[in-house]
Amino acid sequence: MDIKNILAEEITAAVKSVFDHKLDPKHALISPTKKEFEGAYTFVVFPLVKVLRNSPENIANQLGEYLVENSEHITAFNVIKGFLNLSLDNKLWNAILKSILENKDFGQHPSNDKTIVVEYSSPNTNKPLHLGHLRNIFLGWSISKIAKAAGYKVVKTKVVNDRGIAICKSMLSWQKFAEGVTPESSKTKGDHFVGDYYVKFEQAFREEYTNWQNNEGEAVFKSNAKDGEDAAAFYKRYKNTYFNEHSQLGGEARKMLLDWESGEPNTIALWKKMNGWVYDGFNKTYGALGVDFNDIVYESDTYLLGKEYVLQGLKDNVFYQKPDNSIWVDLEEEGMDQKIVLRSDGTSVYITQDIGTAKVRHDKFSFDNMVYVVADEQDYHFQVLKQVLKKLGEPYADNLFHLSYGMVELTTGKMKSREGTVVDADDLIEEVKQMARTSADERGGLSELSEEERQSIFEKIGLGALKYYILKINPRKWMTFNPEDSVDMQGATAPYIQNAFVRIQSIFRKGGEVSTDWNREVALSNQEKELIVLLSSFPEEISEAMQKYDPSVIATYTFNLAKAYHKFYHDHRILGAEDPSVKQMRLALSKTVANIIEKSSDLLGIGMPNYM
RNA sequence: GGCCCCGUAGCUCAGCUGGAUAGAGCAACUGACUUCUAAUCAGUAGGUCGCACGUUCGAAUCGUGCCGGGGUCACCA
């Protein structure tokens, strides 16, 4: 039972009957009436003005009169300009409330027999997760939940970048400096432990580079600097070349990478050991965040993938080869550049792997859609990937979606790992929980609960606040992370939403009992109707969030629902309602609101406490 | 320079598949707790929707051009 559908049908019938015109469903624009006007839903008649060659007021008035006369649901109407505002019968409001209360799966769309693969998180194994990863993880998790609610079968996956020069740096650094210390012996979380050695490598390398600059580097500077380029600028630009051509440490790290690629047993053993430490650490973080995956792809398994497809593409003239044997694709007709797809030595580049991974995934899951949750600095890469797959004739190429999200910046500027201005994920998680605890202590509640229960509540509140703070913003936008705002507990925040839920739980603890059996003629207040309108729109909100790949749609919706409830709660007595039927209706309404708040928040990965 | 994204209240953001007088939250100020949880509610104040043209009954929303900010254009990932 969906109000908008009911109204759309009745309005279509009215248009047919009054004007003998078949209303285009696209023109059946029905939206909740703005608060300052009388009525629950509004039909916009402007699109009919031209075809009916009549004034908006006339059309609206005639339709209104017809509807009040002929519809059992519509009790009154008013017309303002081309807006036909309709009031609905109490019986309908009560019936809708009952149907939502009774439908345990309300919001869940029927299966569409489609599979969607969501790739998110995708960390490197040389350092711990930070704030930027959190935005990625929250978005990926939420989109997975939303897709499921929208009727998809969902596969959550991540690509672990577990190989390459970066992890070799950590390995080499550990070998040189650790003297056998392990995460266990130093009581350090594994990913942080390995990250520390990565930082140590960078420090040692910087020292080495500075030394070199003061000795044989000077000659290189003099012979290679561009006109007018000063030493600082030159050495900044030259850093990579130095690493590859002069550096002792760089040489050792590259040697390690070659050993790894050739499967040298000691190197492989060290690599496995250190990555194992990192995974232990990551798993703790994922656990704390309440997220998981169905499928994990390791780059070490896939980094050679895609080559065969590229060679096939070369045969099919999708690609072309340069004299040095490197293989390229020409996308200039599509407004893009020439891109390399296979190196001259025959090894894969980034995009080669992505081509391979896409194909393998399609073979494995026969997905209909795939979403890559990846930061917007890779917009161009995904445009290219999509176009290349299209050229290769992959049928799913058009169904790839890059959920491109903006960077998270700090109030002090960009996060830079090299400058140590990165907000660590684990630290942040601890801080937000602590803030929730401090806040609860300040208001003196929850003292009667066990420490275990309190801990669980603070996790929900603290993490909820953080998740909501990040997810409420449109993914596309860059955001500035303000630590104070992120743990704000008032206004458009998770705690505000949780508080609405908790208030409802409290009512039921104080003796409220839900029954589906109440007098269906009970009159509802405007606020009660508004709540029902909001509840009814939950399935649509899910569709919209899915269609836009945007969890902020759900975040805004959930806040609006909580807000409407808080207001209702303030202005109405529930347990102390004047009439038993009214009381039952309000209990049913409260229960339904709690259900939908819980489901809707769950789509954001935010849990509801029973007390706060 | 080419391509892409962003620009709405002091701050953070909704609204953008054209629809009513552009909305929230925060911050500021005022008020509401012997009452179902005040992590709440109500009120006041706050706007050249970056600028200019155009499209039409109607533009924050669509188009074109500019201005400002960012990203990207590696045999890195």
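Just so it is clear, none of the values below were taken in a lab; they were calculated from the coordinates. Source: prediction; values computed, not measured. For neighbour counting, all protein chains shown are included, and Cβ atoms are generated from backbone atoms with ideal geometry for every residue, glycine included.
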Fill in the blank from the handout: With a 29 Å threshold on alpha-carbon distance, the violating pairs from A:K35/A:K460; A:K239/A:K416; A:K477/A:K529; A:K145/A:K386; A:K148/A:K386 are A:K35/A:K460; A:K477/A:K529
Problem - Candidate lysines for bridging to A:K272, where Cα separation is under 22 Å - those fewer than 8 sequence places away on the same chain excluded - result: A:K127, A:K158, A:K169, A:K176, A:K187, A:K189, A:K200, A:K255, A:K284
Exercise for the section: Looking at chain A, send over the antiparallel percent of its DSSP beta bridges, to the nearest 5. Expected result: 50
Fill in the blank from the handout: With DSSP loop assignment and no more than 11 other C-beta atoms within 10 Å, the GluC sites (Glu not before Pro) in the stretch A:20-107 are A:E36, A:E72
Handout entry: chain A: angle of helix A:90-102 to the longest principal axis, Cα-based, in degrees nearest 10
Key = 40
Problem - Potential lengthening between A:N90 and A:K34 on full extension [0.36 nm per residue; Cα-Cα distance subtracted] - result: 18.2 nm
Exercise for the section: Highest first, please rank the peptides A:390-400, A:170-180, A:139-149, A:114-124 by the mean number of other Cβ atoms sitting within 10 Å of their residues. Expected result: A:139-149, A:114-124, A:170-180, A:390-400
Problem - Relative pair counts by distance (%), Cα atoms of the stretch A:218-364, 5 Å bins - result: 2, 7, 10, 11, 12, 15, 14, 13, 9, 4, 1, 0
Exercise for the section: List, in order, the whole-Hz ³J(HN,Hα) value for each residue of the stretch A:8-24 obtained from phi through the Karplus relation with A = 6.51, B = -1.76, C = 1.60 and θ = phi - 60°; use x for Gly and Pro. Expected result: 4, 5, 5, 5, 4, 5, 5, 4, 4, 6, 7, 10, 6, 10, 8, 6, 5
Exercise for the section: Could you calculate the FRET efficiency of A:S111 with A:D345 from 1/(1 + (r/R0)^6), where r is the beta carbon distance between them and R0 is 41 Å, rounded to 0.05? Expected result: 0.30
Exercise for the section: May I ask you to list the trypsin sites (Lys or Arg not before Pro) in the stretch A:224-321 that are in a DSSP loop and have at most 15 other Cβ atoms within 10 Å of their Cβ? Expected result: A:K226
Handout entry: A:K416 versus A:D2: modelled label distance in nm, points set 7 Å from Cα along the beta carbon direction
Key = 5.2
Practice task
Would you list, by chain and number, the aspartates and glutamates whose Cα falls below 17 Å from the Cα of A:K22, excluding same-chain residues fewer than 8 positions away?
Solution key: A:E9, A:E10
Completion exercise
Amide H proximity to A:T75 below 5 Å, modelled H, separation 5+ or other chain, gives A:S87, A:L88, A:D89
Practice task
Take every Cα-Cα distance within chain A, group them into 20 Å bins from 0 onward, and report for each bin the whole-number percent of pairs it holds.
Solution key: 16, 41, 30, 12, 1
Handout entry: Equivalent-ellipsoid semi-axes of the stretch A:3-88, from the Cα gyration tensor, Å, largest first
Key = 17, 14, 12
Handout entry: the stretch A:164-291: C-alpha pair distances exceeding 17 Å, %
Key = 63
Practice task
Measure nothing but the geometry: give the 0 to 90° angle between the long axis through the Cα atoms of A:131-149 and the longest principal axis through the Cα atoms of chain A, rounded to 10°.
Solution key: 40
Exercise for the section: Would you mind checking the radius of gyration and Dmax of the stretch A:485-602 based on alpha-carbon positions, in Å? Expected result: 14.7, 45
Exercise for the section: Compare the peptides A:203-214, A:465-476 by average per-residue count of other Cβ atoms within 10 angstrom and give them in order, highest first. Expected result: A:465-476, A:203-214
Practice task
Report, ordered by chain and residue number, the aspartates and glutamates lying within cross-link reach of A:K563, taken as a straight Cα distance under 15 Å and ignoring same-chain residues fewer than 8 apart.
Solution key: A:E528, A:E530, A:D571, A:E598
Handout entry: Packing-based order for A:319-331, A:9-21, using average beta carbon neighbours within 10 Å, highest first
Key = A:9-21, A:319-331
